[in-house]
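Asks: The structure under discussion is supplied below as structure tokens; questions concerning it will follow.
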Amino acid sequence: SNGLNGYVKNLNNKDEVEAIIQGNIVDILKIAEKSKVGPALALVKDVIPNQIFSKVQYTGFIVKYDN
């Protein structure tokens, strides 16, 4: 709904979440701030932003479920 592209997924240790987000910098900063609160049952200790450059262009936003 924010016009962002990319994905979010739990990492193998189950204590960390990875999000790759592409879009307007203002919208990315908004979602980064919202991530500091997290969902109702989550305890967010830290949000660590990291700018990366990639040739991969995502279309839409998904939740990845890796085994």
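The values are calculated or read from the model by the stated rules, or taken from the named source; none is laboratory data. All figures in this text were calculated on a predicted structure; none of them were measured in a lab. Here Cβ is always computed from backbone atoms with ideal geometry, including for glycine, and neighbour counts include all displayed protein chains.
Asks: Every residue in the range 1-31 that is assigned to a helix (DSSP H, G or I) and in contact with a strand residue (DSSP E or B) (Cβ under 8 Å, 6 or more places away or on another chain), please.
Replies: Step one: filter the range 1-31 for residues assigned to a helix (DSSP H, G or I), giving 25-31.
Selection gives 28, 31.
Asks: Taking the conditions exactly as written (on the phi < 0 side of the Ramachandran plot, more than 13 Å from the chain's Cα centre (by Cα), free of Cβ contacts under 8 Å to residues at least 12 places away in the same chain and loosely packed, with under 14 Cβ neighbours inside 10 Å), does residue 29 satisfy them or not? Spell out the reasoning first.
Replies: Values: on the phi < 0 side of the Ramachandran plot: yes; more than 13 Å from the chain's Cα centre (by Cα): no; free of Cβ contacts under 8 Å to residues at least 12 places away in the same chain: yes; loosely packed, with under 14 Cβ neighbours inside 10 Å: yes.
Answer is no for this residue.
To keep it simple, each residue is scored yes or no on (1) of a type outside the set (A, V, I, L, M); (2) modelled with pLDDT of 90 or more; (3) surrounded by 12 or more Cβ atoms within 10 Å (Cβ to Cβ).
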position: 8; (1), (2), (3): no, yes, yes
position: 15; (1), (2), (3): yes, no, no
position: 25; (1), (2), (3): no, yes, no
position: 43; (1), (2), (3): no, no, no
